[in-house]
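Novice: Take this structure, written in structure tokens, and hold onto it; I'll ask about it next.
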Amino acid sequence: MGLGTYDETKKRSEYKPTIYELNGKRSRETEFVQVAEIEILGRGSFDRIIVVATQKSYDAHFDNLRRQLLGIDVDNDKISYVIITENMEAEAQWEWFEKILAHIESGDGLTIDLTHGYRASSIVLSAAINFLQKAKKVELNAVYYGAYEKDRRLAPIVDMKDFYTINEWAEAVSRLVEDADARKMAEVAETTSDFQVREFNDEEIIAAFEDLTNTIRNVDVNNVADKANSALRMIREKENQASVTGRILLKLVMDKFASLTAEQPLTGKYDKPYFILQLEIIRLLLEHKLFMQAYTVMREFIGSIGMSKVEKAKVSTAEGRGRRRRFAEVFVKMFQFPEGEWCFKGQEEKDRGKLMPYYKELKSAGIETILRRFTKDLTDYRNGFDHAWTMKSQAPSDVEEKGHAILGELKEVVRLLETNEMLG
């Protein structure tokens, strides 16, 4: 509540009385929009009424406001106030913010009127709304503004609540692109109007991104490209008709996930497009700090290198996947342990023999040296994740740093494989 307009004749600040209308209902004549709202909504709609005012506006209006609230049967003990300073410095703004927060409890339902906010206090209160929704799980019921004009007998009260969901949409898209998490998007879509960011407020798109992000987080690497293609195809179809806000958010998502798509369908073989996509998946997992998943994909990446020269090895057939179970693990062990410590027996020894010609090619190309210098650490870290680090006093502090270093080594391996024409 601010001061209102200064009347030169009366030598005081005041608000002019009018009749307000909300949800098709009209109030009695009053100079206080807050009184009109509580009358229309019903005094039983609120457990507490908190008036935010400067000392001057409190002195000028609060007693009258209280009398009018009591006149519509509001209990006196429900009415309270918060006094904020008129100081506009940043420190004072923060003080306003914290004074207001102190009156809001976790899980509260909040109805706010911003009509007569003092100077920048409405901006501060708007910031407080977003904070309260995140930190105290406050439910925002309404954000009212009374559109008073002195030459109009009837002043409509507008509910601006729906606009505040832009913060929720921004967080949902941020969660999607930063954490590969589509759950917030689904949550926001369930509680917002269809006209808001309609490009994302779509069950098919939400389902497609939930499918994609689950595929990434579950390390289903052989299906990531198809899921990404499906999700981004839907987004491109909506891009031309997108709103200004929607186009900004769509671009964020496309920029994030476009690298996971394939211009041509993957062949199902362990060839260059396959390895390039795997590198991108690893980069994305590390960026999202999904380290256990990243280390899993990196270890499997080494096994995939061995599969590139195994006859009938394909990711798209049952027979091909069966061959992977045999050969990939043997290939990883060939780099995990020095040659003098190899100890293969039975079928593993036969499989090692079949891998040896390719192993010698890798050695001649200098690739074996690169793979050997990080495979043991990679396997140890992956096993640590697999056993929740119970065999160690604590998880190592360089998981992220080492993950990015190994990714760099894998990129160099792929470059050398291509240079030496050893990729399909």
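Novice: Where in region 328-424 are there helices (runs of 4 or more DSSP H), lying fully within it, with 3 or more residues that are over 29 Å from the mean Cα position of the chain (by Cα) and surrounded by fewer than 11 Cβ atoms within 10 Å (Cβ to Cβ)?
Specialist: 347-364
Novice: Tell me which residues, restricted to region 276-308, are charged (D, E, K, R) and free of Cβ contacts under 8 Å to residues at least 60 places away in the same chain.
Specialist: Glu280, Glu287
Novice: Please tell me if Ile40 is among the β-branched types (Val, Ile, Thr), over 22 Å from Pro156 (Cα atoms) and in a helix (DSSP H, G or I). Step through it out loud before you land on a result.
Specialist: Details: among the β-branched types (Val, Ile, Thr): yes; over 22 Å from Pro156 (Cα atoms): no; in a helix (DSSP H, G or I): yes.
It is false that Ile40 is among the β-branched types (Val, Ile, Thr), over 22 Å from Pro156 (Cα atoms) and in a helix (DSSP H, G or I).
Novice: Residues of region 202-213 being under 17 Å from Asp179 (Cα atoms) and touching a residue at least 24 places away in the same chain (Cβ under 8 Å), which ones?
Specialist: Of everything in region 202-213, those that are under 17 Å from Asp179 (Cα atoms) and touching a residue at least 24 places away in the same chain (Cβ under 8 Å) turn out to be Ile206, Ala208, Phe209, Glu210, Leu212, Thr213.
Novice: Something else: What number goes with the only condition from (1) closer than 21 Å to Arg12 by Cβ; (2) in contact (Cβ under 8 Å) with a residue 12 or more places away in the chain; (3) surrounded by fewer than 18 Cβ atoms within 10 Å (Cβ to Cβ) that Ala53 does not pass?
Specialist: Result: Ala53 passes all but (3).
Novice: Is it true that Lys10 is charged (D, E, K, R), modelled with pLDDT under 95 and closer than 30 Å to Gln133 by Cβ?
Specialist: In short, no.
Novice: Within region 254-302, which residues are at pLDDT below 85, over 20 Å from the mean Cα position of the chain (by Cα) and of a type outside the set (D, E, K, R)?
Specialist: Selection gives Thr261, Ala262, Gln264, Pro265, Leu266, Thr267, Gly268.
Novice: Go through region 293-327 residue by residue and tally those that are touching a Leu at 6+ places or on another chain (Cβ under 9 Å) and surrounded by fewer than 18 Cβ atoms within 10 Å (Cβ to Cβ).
Specialist: 1
The values are calculated or read from the model by the stated rules, or taken from the named source; none is laboratory data. Treat the numbers as computed from the prediction; the structure is a model and nothing was measured. Methodologically, a virtual Cβ is constructed for each residue, glycine included, from the backbone with ideal geometry; neighbour enumeration extends over all protein chains shown.
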